[in-house]
1. Each label point is 7 Å from the Cα along the Cα-to-Cβ direction; what then is the distance between the points at T200 and D402, in nm?
2. Between E301 and A193, what is the label-point separation in nm under the 7 Å Cα-to-beta-carbon projection?
3. Let's test the formula: R0 of 22 Å, r as the Cβ-Cβ distance of S213 and D8. What FRET efficiency results, to the nearest 0.05?
4. Q119: net charge of surrounding residues, Cβ under 14 Å, Lys/Arg +1, Asp/Glu -1, itself excluded?
5. Taking a label point 7 Å from the Cα of S25 along the Cα→Cβ vector, which residues of the stretch 209-224 have an amide N closer than 11 Å to it?
6. Collect residues whose amide H, placed 1.01 Å from N in the peptide plane, falls under 5 Å from the amide H of L383; neighbours closer than 5 in sequence don't count.
7. Given R₀ = 25 Å, FRET efficiency for E76-H49 by Cβ-Cβ distance, to 0.05?
8. Starting from the Cα of K388, draw a straight line to each of the aspartates and glutamates and keep only those under 13 Å, dropping any in the same chain fewer than 8 residues away.
Amino acid sequence: MSSGDDIDIPDIGEPFDVKAFEAYSLPAGKNADSLYLLAQRSLVKLDYHRLEFAASQATEKSARQAALRGWREANEGARHWLDANTKALGVWKVGTERAEAIEVPLSEFEYESLLPIAQDARVFTMLALLKASQLTSEGHTAEAWSWYRAALRASRHIGMYGCAVERMIGTEVCRLARAPILNWAARPEVSAADLRQALTDVAVVDAMTAPVSRTLKVEYLSVRHSIPRILANLRKEHPFVAVAVRQSGRPEKMVRVANLWFANWLANAERPRWQRKPMTDKRIGLFEPDPGSPKLPPARELKKLVAMQLSGLEPNMGMISSPIVDYALPGMTSLFDVDDQDRVNRAAVSVGLALQLYFREHGQFPQALAELVQAGYLKSVLLDPFGKGEAMHYRLEGSSTDHAVVWSVGLDGTNQEGKLPTAESDSLEKPSAVFEIRAVQKSQGVR
C-alpha cells in the first residue's frame with residue numbers, strides 16, 4: 001500500500017476561516033460551563049468502587065425507574081441521593097439558563113483536552129429527571145417542567161462549541177430526557193397551560209442546537225492543534241527521527257489531507273440526510289464530492305489519500321500517530337447518524353407535547369399532524385430526518401380518543417408502519433424511532 005509520497009496532495013488551503021473561528025470566546029459570567037464546574041464541586045456521586053457497589057447499583061436503577069414511571073418507584077437510596085445533591089443541582093440549574101457554553105477555549109482545544117463537564121452530564125441529568133418526577137408527584141407540574149427544560153438546555157450546551165464526542169454526549173442527555181418528558185405530558189394533572197409553556201421552551205431549546213458544521217470545525221482545530229504536540233513529543237523522545245519526519249514533509253502532508261477531508265465533510269454538514277452525497281465507504285466516512293467542485297478532488301483520489309492515512313505514517317521514521325485517523329475519523333463516521341437520531345428525539349418531544357395539548361383542547365387526537373400546525377401548536381410539520389423529505393409518520397392506534405403513534409423510518413430507512421415494541425422497557429438510553437402517545441385519562445407512561 002502506498003505511503004503517500006507518490007501521491008500529489010492538492011493544497012486547497014484551510015476549509016474555513018480558522019483564525020476567526022478559534023478567536024471566539026465567552027466570558028466566565030456568561031458561560032454556562034463556569035457554573036457547571038462550580039456545581040461539580042458539591043456533586044455527590046454514587047459509589048461504585050467500594051463495598052457500596054450493590055447499593056449504588058440499586059439506587060441508580062430505582063432513580064431511572066422513578067424518572068420514567070413516577071416518584072413512587074424511588075427507593076430510599078434514590079431519595080437520599082437526590083436530597084444530598086440539592087446544592088449541586090441548584091447551581092447546575094442556574095447554569096442551564098445561560099445562553100452559551102464553552103468547556104475548552106477553542107484556541108486550546110486538542111484531543112488530549114479533558115472534558116469534566118461532559119463526563120458528569122449524565123449524573124446531573126438523572127438527578128434533574130428525578131427531581132422533576134418528585135415535583136410532579138406533589139402536583140407542582142409547572143416547576144417539574146422547569147427541570148425537564150433544564151435537562152434539555154444542558155443537552156444543547158454540551159458540545160455547543162465542542163468536539164464530536166461532546167456533541168454525542170449532549171444528544172444522549174436529550175435522549176435520556178425524552179421518555180420522561182412524554183410521560184409527564186400524558187399525566188392528567190398537567191394542564192394545557194403547562195404544555196403551551198413546554199412547547200415554547202422546546203422551540204427555544206431547538207434553536208440552541210449547534211450546527212454540525214461547528215462541531216466539524218472544532219474537530220478540525222483539535223487535529224491541527226494536535227499535530228504540533230505529536231511533533232514535540234517526537235522531538236523529545238526520538239530527536240533524530242523528528243528531524244527525518246520534518247524533512248520528509250509529513251506534517252505538511254497531514255495538514256493538506258486534513259484540509260481535504262474536513263472540506264468534504266463541511267460541504268455536506270448542513271444538508272438534510274436525503275440531500276447529502278453518498279459516502280465512498282462507510283468505514284471511511286467521506287462523501288462523494290459535488291460534481292465540478294473547484295477544490296475537492298474526485299472520490300477515487302480521496303480514496304488514495306485515505307489509503308495513505310490508514311497505511312500509517314512511515315513507521316520506519318517512528319511517527320505512527322495520526323490525529324486524523326486516530327481521533328477525527330472514528331467520530332466523523334458516526335457523527336451524522338447520531339445527529340439525525342437527535343433530530344428524531346427532539347421531533348418526538350415537540351410532536352408529543354403538541355398532541356397532548358391538542359387532546360386537552362379538542363378531546364381527541366388529530367387525524368393528521370398537519371392539524372397541529374393549523375391549530376397553532378407547531379410552526380410546521382416536522383420532517384423525518386431518516387426519510388426522503390417526508391414528514392414524521394403518524395397514525396391513530398384505535399380510536400381518536402385512545403392513543404397515537406409517531407415514528408421515523410430510522411437509521412435503516414425501513415418503514416415498518418410504526419410497529420410498537422412488544423414489551424415495556426425501563427431503559428432511558430435505548431434508541432427509538434417509534435413513540436406511543438397515550439390519551440390523558442389512560443396514561444400509564446410512554447414507551
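1. Rounded to a tenth, the inter-label distance reads 3.6 nm.
2. Placing both labels 7 Å beyond Cα along the Cβ direction yields 6.4 nm.
3. Working: r = 28 Å, r/R0 = 1.27.
Step by step, r from the Cβ atoms, then E = 0.20.
4. Numbers: positive: K45, R122; negative: D33, E103, D120, E166, E172.
Residues near Q119 contribute -3 overall.
5. So the set is empty, nothing qualifies.
6. M392
7. Details: r = 22 Å, r/R0 = 0.86.
With R0 = 25 Å, the Cβ-Cβ based efficiency is 0.70.
8. Answer for K388, where 13 Å is the Cα cut-off: D340, D412, listed by chain and number.
Computed from the coordinates by the stated procedures, all read-outs in this text should not be read as laboratory data. Computed from a prediction, not measured in an experiment: that's the story for all the values here. Don't worry about glycine lacking a Cβ; one is built from the backbone with ideal geometry, like all the others, and counts go over all protein chains shown.
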